[in-house]
Amino acid sequence: MRLHEFEAANVFEAMGIPVPRRGIAGTVEEALLVAGEIGYPVMLKSQVLVGGRGLAGGVKAAYNEEELKEIAEALLGSEIKGLAVQNLLVTEKVDISKELYVGITIDGYSGKPVIVASTEGGVSIEKTAHTAPEKIASFHVDPLFGFYPYQARTLLRKLGLGQNLLIAWADVISRLYHTFCEYEALIVEINPLVVLPNGRLLAVDAVLEVDNSALSRIKHPLPDWLGRIENPLERKGREIGVTYVDLDGDIGLISSGAGLGMASMDIIGEKMRPANFLETGGGITEDLLHKCMELVMMKSDLRAIFINIYGGINPIHEGAKGVARYIKEHGVKIPIVAKALGNHQEETWEIFRSAGVHVVTEAATEKAVERLFELVGGSK
Amino acid sequence: MSILMDESTRVIVQGITGRIGSIQTHWMLVYGTKVVGGVTPGKGGSTVEGVPVFDSVEGAVKETGANASVFFVPAAFVLDAFLETVDAGIKLIVVVPEHIPIHDVMKMRAYAIEKGIRALGPTTPGILVPGKGKIGIMPASLFAQGRVGIISRSGTLSYEFAGILSESRVGQSTVVGMGADHVVLTNLADILRLFEEDGATDAVIIVGEVGGEQEERAARFIHEKMTKPVAAYIAGRYSPQGKQMGHAGAIVRGSAGTVGAKQEAFREAGVEVLASPIHLAEWARKHNLK
């Protein structure tokens, strides 16, 4: 779960990282109030969970009340990359003598946290990696040893900094790593970390994404994850315990694994268009597949449904009962094709067939999708 | 021979008294796997499917001579159980559960490497050696004995690929689920190395998916070290940018980790890239695989 900038800034502040004076505003009046307290000029920053807000026009400076009104009115309620701006973060606009970068993420291949620092802040770190790799220093943390302040200082010495900046920056990195661990983060990032004219540091942006698998054990208060999912169907999927991704086609999909679901989408996508991605993971029960049918059928213009499931960890014969019950209750008119193999496959086929589902018994998903294609009349 | 396990491997099941643990113990025994014990702290002294249950991994190893373990432990307890299992001297650990916090997985991986043991997962269906045994949840009906190795990031797709081969009368030497998380306990290239050295494997199929850089790194290994034919399929061509597609590792950020980038890396390494699973049968015929 990615936190909004204002939420992440609150976390950073609580962890002892210096952040600007600021306030959150959902209306123009609130923005005026916050700016009045902080003093002009201020920055107005759209709170949307998407990268590149600045370039998309979502971050602006206001030097007086009139400007602020005009900008806040334009930003609030507008859309940035398809996401509605509901809140503005109003912050002090500071004088910048230098912009730095620091981020901590997880290197999936080595399986270690990697700390990246650069004297080139305010631009994307990927870009700096291409244009000026000598201005980047990185360090892989041994997960069993942890990370210590001396390692932050060693890292920063590679960038050839003055002593005062090095000490202040190393302190920010240590606190950021502590935040990374406390919040079980996938990424924490400050870009830019601003050097003020008086030499002090200020985290002018704040990125924090926490691991959804760890939400229940993080000891600090966090926003409600489900409430954060904007698409109602995707939220409903989370509520019943499956991964649902809304797409714009008309073939419904239920699969019992992520890889299988993605492959099914790819194969359907050759000749038709999937309405959704849905994968159950290892939790299939009669009730779960009944709920999956409800969820997939919430889209009214479906032409067919494809069920692609394997009985490895999943009791697919139980799942089939849930599908059959849904069909009976709702008199589903569109064709349903099911490929179900593995433990209890014969029993599963029997339940599906009795409910009027078209059963395909070959392993290749292409065969089942061909059948689907015939049943919907073979047109795009 | 085979990789990772054979008919002499002695397996304990951790979380054996749970619903999934006991059902999967049944299926492993039916397939002929030597399941010699189970562990659930506090339930020692009972039996499940005729298998003795112990309170600790150390106790189970002492009594049964186990050298491998499979986990059906709730995600929140996996790290603790994993460290206990490594300390008890088990050399192969299969971590089936999904949704394990990644900060735990990083510690597990580092500890496994430090102690020199082999581990698979998280979010893996495990290992199956056709006709000899299985550690994990793979449904036996789809597999047949033969000489093709399969490595898959996805569980269900490993079944699909084995099933397509078996229907074409091409069997498998060993089928390995490497796990679907962003950090896994053994990387793809390390499993490829085992297949390259395995006398019972003539060719290898990689079933990959969007996200991460496992496939790109594996391509480098194949180019430098592999002599056996390799084919690869990558799922997720139509996955929307930035969306988590069920697996923790299956997410595209920017241009890294896309299906196109992975296919390109494989092609450059001389790997046959399969546009769709069904092309597998042709590939097997072309190389006269059995």
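Given a cut-off of 23 Å, what percent of all Cα-Cα pairs of segment A:229-375 lie beyond it? Walk me through the intermediate numbers first.
Details: 2570 of 10731 pairs.
The share of Cα pairs beyond 23 Å in segment A:229-375 comes to 24 percent.
Order of A:166, A:278 from fewest to most other C-beta atoms within 10 Å? Please report the intermediate quantities before stating the final value.
Values: A:166 17, A:278 24.
Fewest to most other Cβ atoms nearby, the residues stand as A:166, A:278.
With a sphere of radius 14 Å drawn around the Cβ of residue B:129, what net charge do the other residues whose Cβ falls strictly inside it have (Lys, Arg +1; Asp, Glu -1)? Could you put the intermediate results ahead of the total?
Values: positive: B:34, B:132, B:134, B:147; negative: B:6, B:7, B:198.
Charge balance near residue B:129 sits at +1.
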For chain A, what is the calculated [θ] at 222 nm in deg cm²/dmol (nearest 500), taking -39500 (n - 2.57) for each run of four or more DSSP H residues and dividing by its residue count? -11500 deg cm²/dmol
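Counting DSSP beta bridges with both partners in chain B, what percentage is antiparallel, nearest 5?
Values: 9 of 45 bridges.
If we restrict to bridges inside chain B, about 20 percent are antiparallel.
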Among B:3, B:21, B:184, which residue has its Cα furthest toward the positive end of the charge dipole of chain B, with +1 on Lys/Arg Cβ and -1 on Asp/Glu Cβ? B:3
Report, in degrees rounded to the nearest 10, the 0 to 90 angle that the Cα long axis of helix A:258-271 makes with the longest principal axis of chain A. 70
Within the under-12-Å Cβ sphere about residue A:259, not counting residue A:259, Lys/Arg +1 and Asp/Glu -1 give a net charge of -3
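For residue A:33 and residue A:21, compute 0.36 nm times the residue count separating them, minus their Cα-Cα distance, and round to one decimal in nm. Please report the intermediate quantities before stating the final value.
On the way: separation 12, 0.36 × 12 = 4.32 nm, distance 1.34 nm.
Gain on stretching residue A:33 to residue A:21: 3.0 nm.
Multiply the residue separation of residue A:374 and residue A:79 by 0.36 nm, subtract the distance between their alpha-carbon atoms, and state the gained length in nm to one decimal. Walk me through the numbers on the way to the answer.
Numbers: separation 295, 0.36 × 295 = 106.20 nm, distance 4.10 nm.
My answer for the length gained is 102.1 nm.
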Under 12 Å from the Cβ of residue A:274, count the other residues' Cβ atoms, weight Lys and Arg +1, Asp and Glu -1, and hand me the total. 0
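Test of understanding: what is the full-extension gain from residue A:13 to residue A:285, defined as 0.36 nm times their sequence separation minus their Cα-Cα distance? All intermediate terms of the calculation are to be shown ahead of the outcome.
Details: separation 272, 0.36 × 272 = 97.92 nm, distance 4.47 nm.
Fully extending the segment from residue A:13 to residue A:285 adds 93.4 nm.
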Specify the angular offset, from 0 to 90 degrees and rounded to the nearest 10, of the alpha carbon long axis of helix B:78-87 from the longest principal axis of the alpha carbons in chain B. 80
Positive-end extreme of charge dipole, chain A - chosen from A:172, A:242, A:115 (charges on Cβ): A:115
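Could you give the dipole magnitude of the protein assembly as shown about its Cα centre, charging the beta-carbon of Lys and Arg +1 and that of Asp and Glu -1, in debye to the nearest 20? Could the numbers behind the result be given before it?
Working: 66 positive and 79 negative charges, 237 e Å.
Once rounded to the nearest 20, the dipole reads 1140 debye.
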List the aspartates and glutamates whose Cα lies under 15 Å from the Cα of residue B:115, skipping any in the same chain that are fewer than 8 positions away. A:142, B:84, B:87
Please report the spacing between the Cα centers of segment B:223-290 and segment B:156-215 in Å, no decimals. 11
Can you give the mean number of other chain Cβ atoms that lie within 10 Å of the Cβ atoms in peptide A:311-318? 6
For chain B, what does the equivalent ellipsoid look like in terms of its semi-axes, each the square root of 5 times an eigenvalue of the Cα gyration tensor, given largest first in whole Å? 31, 21, 16
Of the residues A:209, A:362, A:182, which exhibits the maximal mean-square fluctuation in a Gaussian network model of chain A defined by a 10 Å Cα contact cut-off? A:362
Plugging the Kirkwood radius over Cα pairs into Stokes-Einstein for the protein assembly as shown, at a temperature of 10 °C and a viscosity of 1.306 mPa s, what D comes out in µm²/s? 60
FRET efficiency estimate (nearest 0.05) - Cβ-Cβ, residue B:241 to residue A:328, R0 45 angstrom: 0.70
In order through segment A:341-357: 3J(HN,Hα) via Karplus (6.51 cos²θ - 1.76 cosθ + 1.60), integer Hz, x for Gly, Pro: 10, x, 4, 6, 5, 4, 4, 5, 4, 4, 5, 4, 4, 4, 8, x, 7
So for the protein assembly as shown: antiparallel DSSP bridges make up what percent, rounded to the nearest 5? 50
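Per residue of A:244-257, count partner chain C-beta atoms within 10 Å of its C-beta, then hand back the mean as an integer. Don't skip to the end; give the middle numbers.
Details: counts 1, 6, 2, 4, 0, 1, 0, 0, 0, 0, 0, 2, 3, 13.
Partner-chain Cβ atoms within 10 Å, mean over residues of A:244-257: 2.
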Using Cα centres only, tell me the gap between segment A:331-370 and segment B:1-75 in whole Å. 34
Given the options A:358, A:220, A:317, state which has the largest fluctuation in a GNM of chain A using a 10 Å cut-off (strictly under) for Cα springs. A:220
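For chain A, what proportion of DSSP beta bridges, expressed in % and rounded to the nearest 5, is antiparallel? List each step's numbers first, then the result.
On the way: 46 of 63 bridges.
Percent antiparallel among DSSP bridges in chain A is about 75.
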What number, rounded to the nearest 500 deg cm²/dmol, is the helix-based mean residue ellipticity at 222 nm of chain B, given -39500 (n - 2.57) per DSSP H run of at least four residues and division by all its residues? -10000 deg cm²/dmol
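Per Stokes-Einstein, at 37 °C and 0.692 mPa s, what whole-number D in µm² s⁻¹ belongs to segment B:10-120, with the Kirkwood radius over Cα pairs as the hydrodynamic radius?
Values: Rh = 13.7 Å.
My calculation gives 240 µm²/s for D.
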Please list, or write none, the lysines whose alpha carbon is within less than 19 Å of the alpha carbon of residue A:45, excluding same-chain residues fewer than 8 places away. A:60, A:69, A:81, A:93
Equivalent ellipsoid semi-axes, chain A, via Cα gyration tensor eigenvalues times 5, rooted, Å: 49, 25, 17
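Using a 10 Å cut-off around each Cβ of peptide B:134-144, what is the average number of partner chain Cβ atoms that fall inside? Intermediate results must be reported in sequence, preceding the final value.
Values: counts 0, 0, 2, 8, 5, 11, 3, 7, 7, 0, 0.
Average neighbour count from other chains, rounded to a whole number: 4.
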Could you let me know the centre-to-centre spacing of segment A:169-225 and segment A:84-105, using Cα atoms, in angstrom? 13
On Cα atoms only, tilt of B:188-197 relative to the major axis of chain B in degrees: 90
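Just so you know, all these numbers are worked out from the coordinates, no wet-lab data involved. Because the structure is predicted, anything quoted here is derived from the model rather than measured. Using ideal geometry, Cβ is built from the backbone for each residue, glycine included, and neighbour counts are taken over all protein chains shown.
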